[in-house]
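The values are calculated or read from the model by the stated rules, or taken from the named source; none is laboratory data. These numbers were taken from a predicted model, which means no experiment stands behind them. Here the Cβ positions follow ideal geometry from the backbone for every residue, glycine too, while neighbour counts run over all protein chains shown. Heads up: the accessible areas ignore ligands, DNA and RNA and are worked out on the full protein's heavy atoms, side chains in. Shrake-Rupley method; radii C 1.70, N 1.55, O 1.52, S 1.80 Å.
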Amino acid sequence: MNMAKMQLTVGARSETGYVRNENQDRMSGDLTPIGNLYIVADGMGGHKGGALAAELTIAHLRQEMGDADSEDPVETLLAAAFQNANRAVYDKSRSDDSTIERMGSTAVLLLLSGQVARVAHVGDSRAYLFRNGQLNRLTTDHTRVQKMVDSGILAAEEAESHPDSHILERAMGIREDVEVDISAGIAIEDGDGFLLCSDGLSGYVSDDEIESVLNSNASVQEIPERLIENALNKGGHDNITIQFIQCGDRRMDTRNSTNHAAGLHGTRKALTLRQIFVIFILFLLALGAYLYLT
Ligand code: CA
């Protein structure tokens, strides 16, 4: 597959959600010398701090990756970009302004470079790969609850409703250094879709429900709208941010019920047209007979 010929289509939206009156999520999409770069950041730490931490995280990651030397290995570039962005948020949080003290942010980054995708993240904003009708989670939440699941203390089913599910183990700007998870390279296939989101989506809508929206007949632009609608219907009161990046044409699960219903609808429409045609012919025959007889 030639990456240069494969079209990328992006659907993106950020919503405040119920109760909250400000949005502390931020996102970006850029073309850099080393590929297409997409980021979602979810800020935390007070009225002013959260939004600022998310903004600084995105600004520094974009700048670092935009200026990156394409000769260096991608892992090295990503690791350096996260360290420098982390340090920028950390330093700012320790300035004289007490309203931004202890601010921090998550960050999930997707880099589509040639025929290879890479994901890097800190915190609980997620990346998913949607391939051949199936949703695969590419990130592991850096939360206290996920740590409990990993060590066998808590069952995965209990994790979703756990009161501490939002407590982060890692975030940008909290400590002087940050540990970042960088995925191995994923060979991109034509039809792949990548989803980036903040926990305003994944905290309310299950992976199965996200998968069924991706398997619906929604367009790339409609996907974020529908997912946000699902989160709000479930009482979502956090900021919700979604980016869906489609590589080539959409490829869904053909067994999907929505598509099946669309097929039935098409058949019904075709029958109706045929009926109209028959009625028209009968009308012409009747008219001919009337004119002939009178
Ligand atoms: Ca959030």
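At-a-glance table
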quantity	calculated
Euclidean distance of C-alpha centroids, the range 212-243 and the range 161-200, integer Å	19 Å
Sequence of Leu154, Leu214 from largest to smallest accessible area, 1.4 Å probe	Leu154, Leu214
Accessible area per residue in Å² at 1.4 Å probe, computed on the chain	52 Å²
10 Å Cβ shell holding at most 14 others, DSSP loop, GluC sites (Glu not before Pro): longest site-free stretch of the chain	180-294
Accessible heavy-atom area order of Val278, Val149, Val40, highest first, probe of 1.4 Å	Val278, Val149, Val40
Qualifying aspartates and glutamates (Cα of each under 15 Å from Cα of Lys92; at least 8 residues distant if same chain)	Glu55, Glu101, Glu176, Asp177
Label point distance in nm, Phe280-Glu189, each placed 7 Å from Cα along Cα→Cβ	4.5 nm
Hz values of 3J(HN,Hα) by residue in the range 39-51 - Karplus curve (6.51, -1.76, 1.60), Gly and Pro given as x	9, 10, 10, 10, x, 8, x, x, 3, 8, x, x, 5
The chain - percent of accessible surface contributed by carbon and sulfur, probe 1.4 Å	51 percent
Overall Cα dimensions of the chain, principal axis frame, Å, largest first	101, 45, 39
In Hz, Karplus ³J(HN,Hα) per residue of the range 245-250 (6.51, -1.76, 1.60; θ = phi - 60°; x = Gly, Pro)	10, 9, 9, x, 7, 5
Packing rank of 195-207, 80-92, where each peptide gets the mean count of other beta carbons within 10 Å, highest leading	195-207, 80-92
